[in-house]
1. Which value, in Å², gives the accessible area per residue of chain B when a 1.4 Å probe is used on the protein heavy atoms?
2. If you roll a 1.4 angstrom probe over the protein chains with everything in place, what fraction of the accessible area of chain A belongs to carbon and sulfur, to the nearest %?
3. Whole number please: convex hull volume per residue of the Cα set in segment B:237-481, in Å³?
4. Largest first, what is the accessible-area ranking of A:Ile505, A:Ile474 with a 1.4 Å probe?
5. For segment B:440-455, take each phi angle, set θ = phi - 60°, evaluate the Karplus expression 6.51 cos²θ - 1.76 cosθ + 1.60, and give the result in whole Hz per residue in order, putting x for glycine and proline.
6. Measuring label to label, 7 Å along Cα→Cβ, what does B:Ala569 give against each other copy in nm, shortest first?
7. Given the pairs A:Lys51/A:Lys108; A:Lys281/A:Lys459; A:Lys374/B:Lys526; B:Lys403/B:Lys652, which are separated by over 18 angstrom at their Cα positions?
8. What FRET efficiency comes out for the pair A:Lys403/A:Thr137, r = Cβ-Cβ distance, R0 = 41 Å, nearest 0.05?
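The values are calculated or read from the model by the stated rules, or taken from the named source; none is laboratory data. Please read all numbers here as calculations on a predicted model, not as lab measurements. Counting neighbours? That spans all protein chains shown, and the Cβs are built from the backbone with ideal geometry, glycine included. Note: accessible area is taken over every heavy atom of the protein model, side chains too, but ligands, DNA and RNA are not part of it. Shrake-Rupley method; radii C 1.70, N 1.55, O 1.52, S 1.80 Å.
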Protein chains: 2
Amino acid sequence: MSSLDSITASLASLSITPSASVLHAETNSPTSWREALLATPSAPESFELIKTLVYKPKTAKTATPVPVVVIARDETETSSSALGKKLNLKELRLASEDLLAEFFSLDKNSISLLALNGDTFPKVVTVIDSSIASSSTPFAIHASSSSSTLFLSGADIVAYLKSLETEEVKVQEIDFATLKTEAPAAKPAVKEKEEAKIEGAVQIAIGVKKEVDFSAWYQSVLLKADMLEYYSVSGCYILRPWSYGIWEEIQDWFNKKIKAMGVQNASFPMFVSAKVLEREKDHIEGFSPEVAWVTRAGSSELEEPIAIRPTSETVMYPYYAKWIKSHRDLPLKLNLWNNVVRWEFKHPQPFLRTREYLWQEGHTAHLTKAEADKEVLEILELYRRVYEELLAVPMIPGVKSEKEKFAGALYTTTVEGFIPASGRGIQAGTSHCLGQNFSQPEMFNIVVEDPNDPTGQGKTYAWQNSWGLSTRTIGVMVMVHGDNQGLVLPPRVASVQVVVVPCGITAKTSDADRNKINDACDKLAKSLIDIDIRAKADLREGYTPGYKFNDWEQKGVPIRLEIGPNDLAKQQTVSVRRDTGAKAPIALADLKATVPKLLETIHNDMYAKALNEYNAHLKEVTRWEDFVPTLDNKCIAVIPWCEREVCEDDIKERSGRSAEPQDERAPSAGAKSLAIPFDQDRWTPIELGKTKCVACDQDAKRWTMFGRSY
Amino acid sequence: MSSLDSITASLASLSITPSASVLHAETNSPTSWREALLATPSAPESFELIKTLVYKPKTAKTATPVPVVVIARDETETSSSALGKKLNLKELRLASEDLLAEFFSLDKNSISLLALNGDTFPKVVTVIDSSIASSSTPFAIHASSSSSTLFLSGADIVAYLKSLETEEVKVQEIDFATLKTEAPAAKPAVKEKEEAKIEGAVQIAIGVKKEVDFSAWYQSVLLKADMLEYYSVSGCYILRPWSYGIWEEIQDWFNKKIKAMGVQNASFPMFVSAKVLEREKDHIEGFSPEVAWVTRAGSSELEEPIAIRPTSETVMYPYYAKWIKSHRDLPLKLNLWNNVVRWEFKHPQPFLRTREYLWQEGHTAHLTKAEADKEVLEILELYRRVYEELLAVPMIPGVKSEKEKFAGALYTTTVEGFIPASGRGIQAGTSHCLGQNFSQPEMFNIVVEDPNDPTGQGKTYAWQNSWGLSTRTIGVMVMVHGDNQGLVLPPRVASVQVVVVPCGITAKTSDADRNKINDACDKLAKSLIDIDIRAKADLREGYTPGYKFNDWEQKGVPIRLEIGPNDLAKQQTVSVRRDTGAKAPIALADLKATVPKLLETIHNDMYAKALNEYNAHLKEVTRWEDFVPTLDNKCIAVIPWCEREVCEDDIKERSGRSAEPQDERAPSAGAKSLAIPFDQDRWTPIELGKTKCVACDQDAKRWTMFGRSY
C-alpha cells in the first residue's frame, strides 16, 4: 500500500505536481465521490473522475492470477467482454475484495491507478483509455484512500504509468470508444450514459442531458443555476438566494392563507429531552433511527443527551395540555417555520432527502373530529395550490395507505407528485389527522370538559392535526420543469421574472448609442417594476449578449426581453419565452399590458404541459402481468386494490424482485402505494364485492396509485 | 436520608396525598427551582415555594449542636438575629454543608421539611412560620432531592410535622411578620421584597411590582401576557404568537430595508465540523465554551462530532471563497434568519440570555474598506430604527471597546439600550467590521485580483462585515415599557392595536340590545381593519367587561375602545390608552381619522417617556469617587476614558469589589464599558492631552459609557 506521502514523493520525482490535493469524507461510489469533491471548496471548479477497475481473467486454480487493471474516465463504457476479446483473456470478472487486498492492500473504494508502483505494476496487465492522455480536464484520482483525492492532468497520468514500465511490461492503450462498436451491443441503459454529455456543451451550460443521466443533470442544474451549494457536512446543503427566494414566495403566500384560517405562527425550541420524545411509542418508532443527539456542550458532557427535533409533536403537546384548560381554548392552531433534522443514512439528494431541512409544521387541536377532518382537507387544498398555482406542478390529492401513513396518525392525506424523467412518484406535502392518539391521558392528556355532555361531568380529548410542507417543493419544481438548457422557473415564484438584455452593441457602436440602448433597457425594467413585476436590466459590461442569454436561461428566468438598435428604432422589444423559446416582438407602448399576460400564459402552459405528462404516465392496470412493465416504462400503475397492509408488503416485494438493478439514488425499487386518490371517477368504477385486487385477487376497495418513489 | 418512596409512604400513612409530585432539572436557588416547576406542565398553575433553613447556634465545641430548622414561605423574611433572640439562642448561623450532611445526609439545595422524620426530628428545634397553616396555595417542597418536588397544603405540612412530635419535642409556631417588627430594622432591599406583592392582586393580574422585584415581575408579565412559556430544556423557551408576531413585524420591516440595500436572504446548514469551526482562532476562543456538539445519530456514534452553529462566520466563509473569484463578484451580501445555539452556563433569562435563540445574521464581503465601513453604519442605523421606530425604545449608537468587540472583528458598533428598572445597560444590536481577518490565506482565503493595481498582478483580500439582531429586541421592549398592570405594547408591532369591548350589558339587557351593542363593536373593529389597523372585537360570552379590560391590559393592547348603550345613543365610543390610562370619547364618525393619529401619539409618547428615563440615568462622571455611587443609583456613568484594555479590566475589578451583593440574575456586578457613543457633543468637550481618564488619570480619549449590564 502506498501512503499519501510516498505517492507525493514518487510524483515529485517525476516533476508531477497535482493541481490540487484534498481530503474529504469517505466515499463508496462515483456519486458520493463527486459530491464529496463538490463540497470541498479547494477542489477544482470542474473535473472528471477516473475509475480504476480490476478484473480477474479465468485461470487455472493453481496458477497465480494476473489481474487486469483498467484506467478510464468514469463515464467511459468499459465492456469486460469486449475487453477480454481484445486482450484474448477469458471471462474477465471484477476482482474480489480479497484479490484487491492481496495485490494492493486496498479496498475497491480506495483503489486508483496510484496503487500501481514498482512492486505491483509488473504483476498486472495495465490498460488505459486512450482518450485520457489528450484531455485538458483535471482528473480526480484517489490517493491511497477513498477520502483523499489528487487532481492530475491526462498527460501526468500517462507519464506516471510510463515511468513504471519495464522491458517486459508495458501500459496498453485502448480506445474504448472503438472497442465498444466492435463489441456486442451493450445494455441500452449504459449506452445512453455515453450520450449524456451534450454535444458542443460549453463550461457554462448544463453539460448533461436530462433524459439520459437524470441525477447528474439535476446536480448540474442546481449548481449552474446558483440554486444550491454542496456543504462539508454530508446531507446538508446551502440554499442560495436563487432558491431561497422561492421559499420566501411560498412562505408569504401560505402565511396569508393560514392566518385567514386563524392559524398563528410561533416558535418552539429545537431541543427535546429523550423522555418527552419517547412519550408516543408509534411515533418515536418512526423517527428514532434518525434522531441526532447533542451530548456535549463546550467541554462538558450533558447529564442527559438531548435530541434535535425530527418534527415537533412531542415538543409542543405537553404545552397544549397546559394551555387547553377549557373547550373555550379550542381550537388552538399554531404553525412553525423552522428547521428539523432527520439523520438519514440513505443517499441524500438536495431538496428531496436532506438531513436538515426547512419546512412549516402546523399543529392544531379541535373539540370535534368533524372540525379536525375539515381542516385536514383545507390545508391539503392549500398544499395543492402551492404546487399548482405557484410552482405550476400538478398534484393528485388523496389519502395514504395504513402502511404509508404518518407514524402516530389516525390517517394521512397527501398531495402526490410525479417526476416524469425518473418515472417516480413523490410525496409532496402531507396533512395528518392525529385523531385523539396524542391527547390520551397516557400520552399528553389534552382534555377538556365536554360542553355537549348533559351531565356536565363528561370529558373529551382533543382532536389533533399536524401538517407540513418543506423545501422539497423546490426540488420537485426543478425536476418537473427543468430542461437541457437548465432551470425553467414558474413565473409566480421567480426572483427575476423578466430580464432585459441590451443587444447589437459592437466594438463599433458609439458611446452615445451604447448609452441609448442601455438606458432603454434600464427604463424598460423600471417601467415593469412599477407594475410590480420583478424585472432586471442586465447591463454588465464585458459580457456578450450570448453569454447573458445563456446565463439567464440556465437560471430559468421566464421572459427575456432584447433591445438592439433596430428594436429601438421600431420602438419595440423582442420577447423570448424560457419555457418554449418562442420569440415575439412587443411594442414598447404595449409592454405594461402584454408582459403580465405573457407571464400568466407561461404559467398556464407550464402547468398544462406538466399535467399532460403526469396523466400520460398514470396507467390503469387491471392485470398483475402489466404491473411491473408499467413501472419499468416509468409510469405509475393505478390498480383496484384491497387496501390490506399484507398485500402492500407483497406488492413491494414482488415488484422489487423483478425490478431493474437498483439505482443507488433510488430509495426503493419496489413499488409502494403512493395515494388512494380522492377523485375515483377518472377510472372505471369499482364494483364492490366484484372487482378484485390486481395483486391478491381479494375484493378491491378503491383505485390506488402504486409506483416507485423518492 | 429519606427516599422518595419512604416519604410517600409516611405521607400516605397520615392520609396525606400531595396534589402533585414532579421530577425536574436539578435546582440550586429559589429562582431556578421556580423556573424548573414552571417548565413542568404537570405542576400546579400557581404555587409558593417553601424554604427550609437550618441554623446552628453557638455552642461549646465539645457539645453536640442542636440545629434549628426553620420552615417558612420563600418570601417570608426570617431574620436569624430576631429568631435567636426569640428562641434565646446565641449567634444563629446558617449550618455548614458538613452539618447538613451529618444530620440529614442532604445538601442545602435538596433539604426540605421532609428531611425531618422520626430519627431527625427529636435532634433538632423545628420552627414553622405560623402563616403556612391557613394558606390555601399549594406549597412546593423538595422531596429527597433538588430535582423532585411535592405539592402539599399548609394544613398537610402542619399535620406531617405534628405527627413527628414527641413528649419532649414539639414544633414551634412563630409569626415571622410580628417577629420582624420586634427585631432591629432589616436591610431595605429585603424589606422591599415583602411589599413586592401587589395589594389585592387577583390571580389574573401581574401580582408583583416592577419597582420592587423586577425579575419576578418580568417572569410574570411574560407568562400572563401569553408572550412566553417555560420549556423542559433549561435555557430554551417557547415564543407564543403574542411575542412571535412582534418578531414577524420586525422581520418584515428589516427585510424590506436590507433588500433595498441589495442584501439577499439565504439558508446555510446549522451544522459545522470541528475543523471548519476552529479555523479562526480568536473567533473560536470566543465561542468554544458554549458550543453544543452532536455526537450520535439514532444509535450510531458519529465518526466526528459536529457542532451546532453559535454564529455562521465559519459556516459561510469557505463558500464565499469559492463564489468570489473576481472583483466583479463583489459585493456579496447575504442574510440569514435562523436559530443559533450558545450553551451558556450562566443563569438564562427569557429573550435576553437563552441557549437557543432566533436572530438574523448578515454577512457581506466588499472590495474596499470604505464600502465595508459605510455598510456597518447603515445597518447600525437600521437597528436603531427597529428599536426607536418600531419598539419605541431609545438607543445610543456607538463603538465597542477593544475588550468588548466581537471575537475576530476589526471593530464592533452597537446600539446600546438601558433598562431603568435594573439600572443596567443592554447591548441591543451589533454591526461588525471584520476587516480582512477572515479573508486571509491562512483563514478562508477570500481573494480577488485588485482592479486598481496598475501591474494587473495585485491581489486584494475581501473586506467583510457581519451584523446581527435577535429576539432580545422583544425582551428589551417588555422591560422598558411594561408596568404593574402588565405588558405595554408599542403600537407599530402590536398584533392587536385596538380592542373593542362591549360594555353595559347586564342580565337585564334584552337580546336585541345585546346584539345591537355586539354588532356595533364588530362593525367598529371591521371599519378599522378596513384602514389596515389590527383591530379585534372581544365578543366572548361569559366574561365581564372588567375581566376583558384586565385581560387586554395585561397583554398590552395600545387602545381599548368601549361601547355601551349610552355610547351607542351618542354615536360615540370611549377610548382608553394603555400607556397612560387616559380616557376620551371619540365620535364614531371621526374614528377612521382619530385612531391612526392616536396610535402615532401613543408611539411618540412612549418613546419620549423612555428617552427621558434613559437621559435621566446617563450621568457625566468626572471623579472616581462618584463612579460606583452612580452605578449603585441605577445609572450609567459616562466618563472621559483612556480606552486602554488594562484600565477597563481595572474598572471592572474595582467597581465589582465595592458592588452590592451579586444578584444571581445579573451576569456582572462590576461595570464594563457599554459603548463609546458616536455623538460626543452631548458632554463637555475632551481636551486631548489635558482631560484625564477618570479611572487611571492617563490621557482621556473619548467619553465612554460604563455600567452594569446584561
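1. Roughly 42 Å² per residue, with all protein chains present.
2. 49 percent
3. Expressed per residue, the convex hull around the Cα atoms of segment B:237-481 is 141 Å³.
4. The ordering from most to least exposed comes out as A:Ile505, A:Ile474.
5. 4, x, 7, 9, 9, 6, 9, 9, 9, 5, 7, x, 9, 7, x, 6
6. From this label point to the equivalent ones elsewhere in the assembly: 8.3 nm.
7. Distance filter (> 18 Å) returns A:Lys281/A:Lys459; A:Lys374/B:Lys526.
8. Values: r = 47 Å, r/R0 = 1.14.
Efficiency, rounded to the nearest 0.05: 0.30.
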